[in-house]
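Structure first, then comments.
The values are calculated or read from the model by the stated rules, or taken from the named source; none is laboratory data. Keep in mind the model is a prediction, meaning the values are calculated, not measured. Cβ: placed from backbone, ideal geometry, glycine included. Neighbour counts: every protein chain shown.
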Amino acid sequence: MTQVLQSFIGGRWIGSQAAAPLHSAINGTVVAHAHADSLDFAEALHFARATGLTGMLALDFQQRANALKALAKYLGERKEELYAISAHTGATRVDSWVDIEGGTGTLFAYAGMATSELPSGNLIHEGPVTSLGKKNTFAGTHILVPRRGVAVHINAFNFPVWGLLEKFAPTFLAGMPCIGKPATSTSYLTEALVRMIDASGILPKGALQLIVGGTGDLLDRLEVTDVVTFTGSADTAAKLRVNANLVKNSIPFNAEADSLNCAILAPDVTPDDEEFDLFVKEVVREMTVKAGQKCTAIRRAIVPRQHLDAVAEKIKARLAKVVVGDPSVEGVKMGALASKSQQADVAERVALLRQSAELVFGGSADFAPVGEGVAHGAFFQPTLLLCQNPMTTDSVHDVEAFGPVSTLMPYDSLDQALALAQRGKGSLVGSLITKTPAVAAQLVPVVAAYHGRLHVLDRESAGESTGHGSPLPMLKHGGPGRAGGGEELGGLRAVKHLLQRAAVQGSPTMLAAITREHVRGAKLIETGTHPFRHYFEELQIGESLLTPTRQITDADVHAFGNLTGDMFYMHFDEEAAKASPFGKRIAHGYLVLSDAAGLFVVAEPGPVLANYGLDMLRFVKPVGIGDSIQVRLTCKRKIDRNKKDANGQGQGVVAWDVEVTNQDGEVVASYDILTLVSKKL
């Protein structure tokens, strides 16, 4: 008996009435049924706001990062269950790896970035603080805070796991409960994923809900604090973004749409070069991985006209070796499209393209996928087309066959190659294959205006390159124009896109209280005890120490120069120094830093365990021989990463504001020190 899929709404699984059957892409058997039960989207949104939002904001950035890491580990331990289900989508093991382990890998990546870079709490201070008055009693800065809304994620059929997780990761970190809506045709895999997530108990209740089927009036019910993200066709994106409620309430809509991505073989590459083969491999890989069903796949292969025949022959030779069929059969390298409807759509679009392009490979009457029952599957032969006059042909730049299809396009000059790339009207990604850095430097700034990501490939990077079609969590995914105009991924940029930015004005003391970060000019806390004597929990933001003074002597300068080997003339040559803008010999900047550390460091063992870096270092004024320095050390920021050492001792990170002044009270050096500090318990 086949399964009736269920939606996960309001903390419960809903769905018992069978609706449309969902077929295996391999042999056409029914895998599951969507459900016909109606959903109450008002209930879903209320649950997200009342329960999900409350639970998520009870955690801070660091705690949510730890939850993401735990979830990634949990899902990774159960990945084989997902692989087994993924086989019905037509995916090979490699295809499923991109989807499943690419998804959990994205969770791991975001957890790591957040742990390293986000603060404790639910507010990010986006400095610097700007003084707005002459006496520094009125200042302004920017903060980023959770929007206190709901994120609706509408996903495409081609990545049922990664598609949900790559949107969920930054949204969860941003403190927004999510409602995910996968494409129905492969929703059986997404439903299995969400069931795993629900069973884990790792996420707060209401953090993630699932819709199997249509979105009904969901978008009409969204409020000003909500966001919508969409992955799919450019046509559907265009329809959704003009929803009257979204427009009226200026609700952010982020679209990542299919685009006619290109790969350019630069004119400096010849058939004898290693880069020539790299280009051929890249085109073939993008045609066959996921059976070409990738929004980042290479649809247009732009090559020098003099090398057109050589490129065509090499691609044909590689495609002829690709075994298509049931991925469970040994030797199969390419599986099926996701559904019969997708198969029909690709065939229709190839027919349109063939009206202005000739067939180089594919379309064989004797095409026979390998495996039992595959005649009822959704297989499509890899198809390579050639448009001899791409500068005067529109269809090859407008029609996308979302499958294992690519079109060769010859160019006669570099300007023509750039023009062809731009005719995609905005793409997620473009590749440039060249062996000459000067060519890359010339082309990339021009092509970048029309692309969200550029992949420059040569023999040096080939060994580690993740490939043209692989979005990475730390880099932007999205593109202008046809590609949707949105941005996904991109490291913590993606998290910040989902937060609300606000300018804040007030006294330095007020800004310090709001941002939970010391602001110069704010009231200081001086307890009479050296701050380095306090454990992490005991330290207060703004707790400060003013050190005694120390004179920088000629003997100090000579000793430092002899120790380090830094004998720069400004420190030792009296006559040359007099002719400099400073008019005198000055101390080494790093001598000033070292002497400053000597003024505030506590020699005996204590809670401060290690200094692991300096941020924002600036040498503001020179320190002359005979000048004195003094240090103001202030606890600037505390980050509780919820870590313990091997002995179970808790630790936190403390950033200290260090201000070094001279005998005239002038700032000579300014920086932050990062230290690891023990917790008391």
Restricting attention to region 342-367, report how many residues are over 24 Å from V311 (Cβ atoms), modelled with pLDDT under 90 and small (G, A, S).
1
Tell me, which strands (runs of 3 or more DSSP E) wholly within region 390-460 include 3 or more residues that are in contact with a Gly (Cβ under 8 Å, 6 or more places away or on another chain) and either over 25 Å from A291 (Cα atoms) or not charged (D, E, K, R) (or both)?
427-433, 451-457
Check L164 against each of (1) within 27 Å of E223 (Cβ to Cβ); (2) in a strand (DSSP E or B) and name the one condition it does not meet.
(2)
For region 93-103, does any single residue satisfy the condition of being of a type in the set (D, E), touching a residue at least 24 places away in the same chain (Cβ under 8 Å) and outside any helix (DSSP H, G or I)?
no
Enumeration of residues in region 142-156 that are surrounded by 23 or more Cβ atoms within 10 Å (Cβ to Cβ) and assigned to a strand (DSSP E or B):
A151, V152, H153, I154
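Any idea how many residues of region 285-313 are assigned to a helix (DSSP H, G or I) and touching a residue at least 40 places away in the same chain (Cβ under 8 Å)?
Of all residues in region 285-313, those assigned to a helix (DSSP H, G or I) come to 285-292, 305-313.
If we keep only those that are touching a residue at least 40 places away in the same chain (Cβ under 8 Å) too, we end up with 285-292, 305, 307-308, 311-312.
Number of matching residues: 13.
Is region 512-527 home to any residue that is assigned to a helix (DSSP H, G or I), buried (at least 18 other Cβ atoms within 10 Å of the Cβ) and touching a His at 6+ places or on another chain (Cβ under 7 Å)?
yes
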Does region 456-468 include one or more residues that are within 30 Å of P128 (Cβ to Cβ), of a type outside the set (A, V, I, L, M, F, W, C) and touching a Ser or Thr at 6+ places or on another chain (Cβ under 8 Å)?
no
Is it fair to say L278 is assigned by TED's automatic domain parsing to the domain that holds Q343, surrounded by fewer than 24 Cβ atoms within 10 Å (Cβ to Cβ), modelled with pLDDT of 95 or more and among the hydrophobic types (A, V, I, L, M, F, W, C)?
yes
Just give me the residues in region 229-245 being of a type in the set (A, V, I, L, M), over 17 Å from K167 (Cβ atoms) and either within 24 Å of the chain's Cα centre (by Cα) or part of a helix (DSSP H, G or I) (or both), in sequence order.
A234, A238, A244
Within region 30-40, the residues that are farther than 18 Å from P160 by Cβ and surrounded by fewer than 19 Cβ atoms within 10 Å (Cβ to Cβ) are A36, D37, S38, D40
From the set of residues in region 550-567 that are surrounded by 14 or more Cβ atoms within 10 Å (Cβ to Cβ) and touching a residue at least 40 places away in the same chain (Cβ under 8 Å), which is nearest to Q663 (Cα to Cα)?
R550
If a residue must be at pLDDT 90 or above and farther than 25 Å from Y671 by Cβ, how many such residues does region 128-147 contain?
4
In region 213-228, the residues that are more than 21 Å from the chain's Cα centre (by Cα) and either part of a loop (DSSP other than H, G, I, E, B) or buried (at least 21 other Cβ atoms within 10 Å of the Cβ) (or both)
G213, G214, T215, G216, D217, L218, L222, E223, V224, T225
Check I14 against each of (1) over 31 Å from the mean Cα position of the chain (by Cα); (2) among the β-branched types (V, I, T); (3) surrounded by 23 or more Cβ atoms within 10 Å (Cβ to Cβ) and name the one condition it does not meet.
(3)
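Is it true that some residue in region 253-264 is farther than 21 Å from R482 by Cα, part of a loop (DSSP other than H, G, I, E, B) and in contact with a Ser or Thr (Cβ under 7 Å, 6 or more places away or on another chain)?
Among the residues of region 253-264, not one is farther than 21 Å from R482 by Cα, part of a loop (DSSP other than H, G, I, E, B) and in contact with a Ser or Thr (Cβ under 7 Å, 6 or more places away or on another chain), which makes the answer no.
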Subset of region 168-187 (residues that are in a helix (DSSP H, G or I) and at pLDDT below 95):
T184, S185, T186, S187
Count of residues meeting criterion [outside any helix (DSSP H, G or I) and either aromatic (F, W, Y) or touching a strand residue (DSSP E or B) at 6+ places or on another chain (Cβ under 8 Å) (or both)] in region 24-50:
12
